[in-house]
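The numbers here are math on the coordinates, done by the rules we state, and not lab data. Just so it is clear, the structure is predicted and the values come from calculations on it, not from any experiment. Ideal geometry is used to build each Cβ from the backbone, glycine not excepted, and the neighbour counts take in all protein chains shown.
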Amino acid sequence: MAIGISGGLIAYYAGLPLPWMLGPMIANTVAAMLRAPIAGPDQLRPVMIPIIGVMLGSGVTAEMVGQLGTWAITLALLPVFLALAAGISFAVYRRIGGYDPVTAFYAAMPGGLNEMLILGTEAGGNERRIALAHASRVLLIIIFVALFFGLFIGVTTGGQSGAAWVGLADITLVDYAILLACAVLGTVLGRRLKIPAAPVFGPMILSGVAHVLEWVTVAPPTLFVIAAQITIGSIIGSRFIGATLAEVRRDIGLSAIASTLMLAVAVVFAEGIVLLSGIPLAQAFLAFSPGGLTEMSLLTLALDQDVAYVSVMHIIRITLVIAIAPYVFALVRRRF
């Protein structure tokens, strides 16, 4: 965490986009490659994920709810995008990387890292290669998207964005109590109802309802947002602990090719959504960028985009991949 905080401060003062996530991510990746005695702050993840869900829900407004009908086109195109992006990525890992079919398939699926790692390992894939493939994808896509928005679109984050700072003393005890209840009850109810990505989606739903009904009208303190980004960025960077330089060079190289091709497909689909539904290009592109759910949602929040739209699309993406991947894999396995 000390490395993550230091990296965040350096990135912030250097003027990088999304400094509190990119800084810790890059700093801990470098530390892992240099064999520094570090460990990921994974114990903080169960605490931070519900807080992130509450943050995301605070961006939901009544106006956004009224735009649900405009999401139909995105939902219709999402399965087509997933099939095309996964197919291209599979070809990269299979043909260029020379991975066995099982490892190539689960390395290529744009689903959650943990879920794809479990499914891939159970199917007999190479656990380390699958893990490194997904960690590299998330790392590269966040860096690319943050730099693209910051350098080409001019959207910046982390104090330079002009967003209002919410101090720890700027919200009342009642607000704290409501937001805490959303985090705790949302997680518990989400798990009992078996909602996909329950620790983030459950609190997000309750927080969104509370904000739409104006039971609470403020977002969580900005310091919490920064703490969440530093934690998630540090965890991503620490996923490279134990990997050799040769492994990382090879896997990041393959991931760079696969991620670039998937992002190119995402741009094409985003342009189509803009033409068909009028949703802004920035939001459509974020919705189709195949990064991690938590990371892309935080990125959307930091970039002041439609959090509800982007988060829901990523939740549906990951749910579809988890539900369908085993059946598609059965077909692929017979083919090989």
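Once Lys and Arg get +1 and Asp and Glu get -1 on their Cβ, which of Val321, Gly8, Val248 lies farthest toward the positive end of the dipole of the chain? Of the listed residues, the answer is Val248.
Highest GNM mean-square fluctuation among Ile232, Ile52, Ile96, for the chain modelled with Cα contacts below 10 Å: Ile96. Counting charges near Val328 (Lys, Arg +1; Asp, Glu -1) among other residues having Cβ under 13 Å from its Cβ returns a value of +3.
Summarising the label geometry, the points placed 7 Å from Cα in the beta-carbon direction at Val47 and Leu168 lie 1.3 nm from one another. Residues Tyr13, Tyr106, Tyr93, ranked from the fewest to the most other C-beta atoms within 10 Å, line up as Tyr13, Tyr93, Tyr106. All C-alpha pair distances within segment 278-326, sorted into 10 Å bins from zero, spread as 29, 53, 17, 2 percent across the bins. Each of Asp175, Asp42 was scored by other Cβ atoms within 10 Å of its Cβ. Listed from fewest to most, they are Asp42, Asp175.
For a label point 7 angstrom out from the Cα of Ser277 toward its Cβ, which stretches of segment 294-336 have the backbone nitrogen within less than 18 Å? Output list for this probe position: 297, 300-301, 305-321. The listed peptides 19-28, 321-330, ordered by packing as a protection proxy, come out as 19-28, 321-330 (highest mean of other Cβ atoms within 10 Å first).
Highest first, please rank the peptides 208-217, 234-243 by the mean number of other Cβ atoms sitting within 10 Å of their residues.
Per-residue Cβ counts within 10 Å, averaged per peptide and sorted highest first, yield 234-243, 208-217.
Percent of C-alpha pairs per 20 Å bin in the chain, short distances first: 32, 61, 8, 0. This ranking places Ser255, Ser6 by how few other beta-carbon atoms lie within 10 Å of each, fewest first, which gives Ser6, Ser255. Once the Cα atoms are used to define both axes, helix 2-14 deviates from the longest principal axis of the chain by about 80 degrees. Among Gln43, Gln229, Gln283, which one shows the biggest mean-square fluctuation in a GNM of the chain, springs joining Cα atoms closer than 10 Å? For the chain, modelled as a Gaussian network with Cα springs under 10 Å, the answer is Gln43.
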